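Everything below concerns the one structure shown next.
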Amino acid sequence: MNNNNNSSIIKLVAVGIGAAVFFILGRFLSIPTGVPNTSIETTYPFLALMSVIYGPVAGLLIGLIGHAIKDLLTYGLWWSWVLSSGVTGFGYGLISKRLNIHSGEFTKKDMITFNIGQVITNVLAWGIIAPLLDILIYSEPANKVFVQGFVSAAINSIAVGVLGTLLITAYTKTRTKSGSLTKE
């Protein structure tokens, strides 16, 4: 079996496990904000970690599948937010192209790059895409869904900025730094 097949299998397994963990976190570790249907989510820091490790396609699939399962098993499928979770995972994964975490490095500059990218991703996904899809698909009132969207973007940005940065930092500490091994 060649290395590409191993990599594909690893990513496929990561998507399955990631979607399951996304569902569990979304179902049991969400804290209501007071804004209707909007919660502080632990799912997005986890999604950020998985997306940065496994890339944008895995992030997209973890976000889509995990959010769809959560919706189906709770209050019903809400496509606009399921799709936005996929966009979020894809965006977090794109940020990984500018990072070197697999080599055990996550510098302050990398943290800043990651956090600028994740804030842009959250604003795009939750402040723009989710509300527009709510209006187009469900004929929701614009003022309601844009408030929900921007509250979600802000909360997710803070959660990912704190917990996501900590998770990625912890992950990089498990990696061997480039050039740190010497031959004796």
Next on the checklist: Given an 8 Å cut-off on Cα distances and at least 6 residues of separation, report the relative contact order of the stretch 3-173 as a percent.
Outcome noted: 25
Checklist entry - When the helix-only estimate is applied to the chain (DSSP H runs of n ≥ 4, each -39,500 (n - 2.57), divided by the residue count), what is the mean residue ellipticity at 222 nm, nearest 500 deg cm²/dmol? => result -22000 deg cm²/dmol
Next on the checklist: Can you tell me the length gained on complete extension of the stretch residue 170 to residue 142, counting 0.36 nm per residue apart and subtracting the Cα distance?
Outcome noted: 6.1 nm
Next on the checklist: Give me the one-decimal Kirkwood hydrodynamic radius in Å for the stretch 3-173, with the sum taken over alpha-carbon pairs.
Outcome noted: 15.8
Checklist entry - Using a Cα distance threshold of under 26 Å, what count of lysine pairs results for the stretch 3-173 when pairs must be 8 or more residues apart or interchain? => result 9
Next on the checklist: Given N residues in the stretch 1-65, what is its alpha carbon radius of gyration divided by 2.2 N^0.38 Å?
Outcome noted: 1.29
Item to check | Per-residue Cβ neighbour rank within 10 angstrom, fewest leading, 67, 102 | outcome: 102, 67
Next on the checklist: Given a Förster distance of 25 Å, report the FRET efficiency between residue 31 and residue 120 from their Cβ-Cβ distance, rounded to the nearest 0.05.
Outcome noted: 0.55
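We did not get these values from a lab; they are worked out from the coordinates using the rules stated. Here the structure is a predicted model, which is why all the values come from computation and not from measurement. Every residue, glycine among them, receives a Cβ derived from its backbone with ideal geometry; neighbour counts consider all protein chains shown.
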